[in-house]
1. Report, in degrees rounded to the nearest 10, the 0 to 90 angle that the Cα long axis of helix 151-163 makes with the longest principal axis of the chain.
2. Sorting 164, 119 on the 10 Å Cβ count, fewest up front, what's the list?
3. Quick one: what are the phi-derived ³J(HN,Hα) couplings along segment 99-112, Karplus 6.51/-1.76/1.60 with θ = phi - 60°, whole Hz, x for glycine and proline?
4. Would you mind estimating how fast segment 2-57 diffuses translationally, via Stokes-Einstein at 25 °C and 0.890 mPa s with the Kirkwood radius over Cα pairs, in µm²/s?
5. Which is farthest toward the positive dipole end of the chain among 61, 230, 190, measuring Cα position about the Cα centre, with Cβ charges +1 (Lys, Arg) and -1 (Asp, Glu)?
6. List the trypsin sites (Lys or Arg not before Pro) in segment 35-95 that DSSP assigns to loop (not H, G, I, E or B) and whose Cβ has at most 16 other Cβ atoms within 10 Å. Which are they?
7. Return the distance in nm (one decimal) between the two label points of a simple spin-label model at residue 354 and residue 52, each offset 7 Å from Cα along Cα→Cβ.
8. Could you tell me how many degrees, from 0 to 90 and to the nearest 10, lie between the Cα long axis of helix 125-135 and the main elongation axis, the longest principal axis, of the Cα atoms of the chain?
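Quick note: the coordinates plus some simple rules give every number you see, no bench work behind them. Since this is a predicted model, take the numbers as computed values, not measurements. Every residue, glycine among them, receives a Cβ derived from its backbone with ideal geometry; neighbour counts consider all protein chains shown.
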Amino acid sequence: MAGLRSAMDALAVEGQLYDRLPEGRVRCLACAHRCNIRPGQRGICQVRFNKDGTLYVPAGYVLSAATDPIEKKPFFHFLPGSTAFTFGMPGCNFHCSFCQNWISSQALRDPQAVLHGGHLQHATAEQIVAAAVRSGAKIIASSYNEPLITTEWAVQIFKLAHQHGLKTAFVSNGYATVECLNYLCPHLDGFKVDLKTLDEAKYRSLGGSLAPVLESIQTAHRLGLWVEVVTLVIPGYNDDPQELLGMGRSVAAVSSDIPWHVTAFHPDYQMTDTIATPADTLQMAAEIGQEAGLKYVYAGNLPGRLGKLENTLCPKCGKLLIERTGFMLRRYEITADGNCPQCGAAIAGVWPDDPGEVETGGWGLPGRPVW
């Protein structure tokens, strides 16, 4: 753990998302913790630190990078069928007991997450974007850990990505600040947010609180980012129908056009004694989301077991527009201007300019390492 931290610190650069305070302290603005950090100390995320009154932040490396279908993120209304070049870093501002990427996210907090400095792969923003272009990706996404804590580095990459015609995305827990979202907005296209629970005590046990996540969904939507929301439905934790209804209504209150993904948990990390989410629980959760007023509700992580809940239907006439099995598209029928071809209704999303170029049946595996 110490070796990994030293290797990361050696590459760190001055951040932009912070305020200077008296006595050499700094206030970090990358996430809603708004850490007040004294010289020689670190933020809750462990990757942003105060050195002599200056906030230093990650840059110049990735922990891993791979090409994935964008549906894996999951984004279903954001260039469907496209490849996303996805990079990740160590660290997180939460410590979720059910984290399914805990080896990278908890690498600076949990001794069981065995990583060392040699796992870092040095790279410039130019090299990362060049690799994405070579891979044929149409999107660059920051994922695998919490991207908010490496926002400045992501912006360096995303600026270049836009120059090469690529879209950009964050796969985030949504624990953002208004300052961070405003900083990101010119360079970010898609923002996927995990809404983990409506229970404040549970959110605090994960290392955060509920209100900033709900505010981030609202702010990101207001700023014009394409937003999708995901809830990992965990038996005995957040699968109460009233809580699910509350989550669905919270999303619908921002916009009924925001897709809500209710996805299946599998035992992992510190919750290996909890059962995997049954298909009928996801069916119930999806129906609750529809009852809450959301137009696009999807059930995930159980490919082929939930029928039309993997598909996109026209909310006006019910026509099948996108047929999916897991990460694979089997049919795509949205018009070039983003409408239903049968009734002409506008379908909310970021759609390809040429529907004929949408790849169907192309992803048999979840992703390919590229670095």
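1. 50 degrees
2. Lowest to highest Cβ neighbour count: 164, 119.
3. Coupling constants for segment 99-112: 4, 9, 10, 5, 5, 8, 5, 9, 4, 9, 10, 10, x, 6 Hz.
4. D = 223 µm²/s.
5. 61
6. On the way: sites: 42, 48, 51, 72; in loops: 48.
Sites meeting the loop and neighbour criteria: none at all.
7. About 5.4 nm, to one decimal.
8. 30 degrees
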